[in-house]
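Below is one structure, written out as structure tokens; comments come after it.
The values are calculated or read from the model by the stated rules, or taken from the named source; none is laboratory data. Owing to the predicted nature of the structure, the values given are computational and were not obtained by experimental measurement. Methodologically, a virtual Cβ is constructed for each residue, glycine included, from the backbone with ideal geometry; neighbour enumeration extends over all protein chains shown. Protein only, heavy atoms only, side chains kept; ligands, DNA and RNA dropped before computing areas. Shrake-Rupley method; radii C 1.70, N 1.55, O 1.52, S 1.80 Å.
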Amino acid sequence: MTQEIEILLVEDNPSDAEMTIRALRKHNLANRLLHLKDGVQALDFVFARGIYSERGIENAPNVILLDLKMPMIDGMEVLQKIKADERTKKIPIVVLTSSREDPDIKECYALGVNAYVVKPVEFDAFQQAIAELGLFWMIVNERAQ
């Protein structure tokens, strides 16, 4: 992997992933995006393990867009492991989920999530929300080095 990844999208639902990628592309924010389908792949990528062992752990993405409800390892556990490690805890993580459950929201913030966004059901609203997220985390936000 020669190119650094700016946006790591961790989403198991193909439709939601496609809509997210399309919204980011529309605003030229998807050039350096990697889409992974579960928490195991996400942790391997972030911690430079397995098939990602050639990349340096210091080459963190600018932002991780993380679904909560995924197979194998769910988003909550991915969030906990990334935020608990000194090497990765500064990576901004935006939970992008359909869950409006208060316990999920509280636990994510307790674990250190940077933002919690409930996926809009309506297509245009979803596209707009993703575009605004991408613009904020890629253009507006100053990243800790």
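Quick one: would you say Glu77 is acidic (Asp, Glu) and part of a loop (DSSP other than H, G, I, E, B)? Explain how you work it out, then say what you get.
Values: acidic (Asp, Glu): yes; part of a loop (DSSP other than H, G, I, E, B): no.
So Glu77 does not fit the description; no.
Look at (1) farther than 30 Å from Glu122 by Cα; (2) in a helix (DSSP H, G or I) and you find that Glu54 fails only one, number (2). Only one of the numbered conditions (1) under 14 Å from Ile5 (Cβ atoms); (2) assigned to a loop (DSSP other than H, G, I, E, B); (3) of a type outside the set (A, V, I, L, M, F, W, C) is not met by Lys89, and that is (1).
Here is a yes/no grid of residues against (1) free of Cβ contacts under 8 Å to residues at least 12 places away in the same chain; (2) surrounded by 14 or more Cβ atoms within 10 Å (Cβ to Cβ); (3) of a type in the set (A, V, I, L, M):
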{"site": "Glu77", "(1), (2), (3)": "no, yes, no"}
{"site": "Arg100", "(1), (2), (3)": "no, no, no"}
{"site": "Pro103", "(1), (2), (3)": "yes, no, no"}
{"site": "Glu107", "(1), (2), (3)": "no, yes, no"}
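Only a single criterion out of (1) under 21 Å from Ala129 (Cβ atoms); (2) free of Cβ contacts under 8 Å to residues at least 12 places away in the same chain; (3) not in a loop (DSSP other than H, G, I, E, B) is not satisfied by Ala17, namely (2).
With respect to the conditions (1) open to solvent by 60 Å² or more (accessible area, probe 1.4 Å); (2) assigned to a helix (DSSP H, G or I), Pro71 lacks only one, and its number is (2). Checking Asn31, Asn59 one by one, the residue that is over 14 Å from the mean Cα position of the chain (by Cα), in a loop (DSSP other than H, G, I, E, B) and touching a residue at least 40 places away in the same chain (Cβ under 8 Å) is Asn59 and no other.
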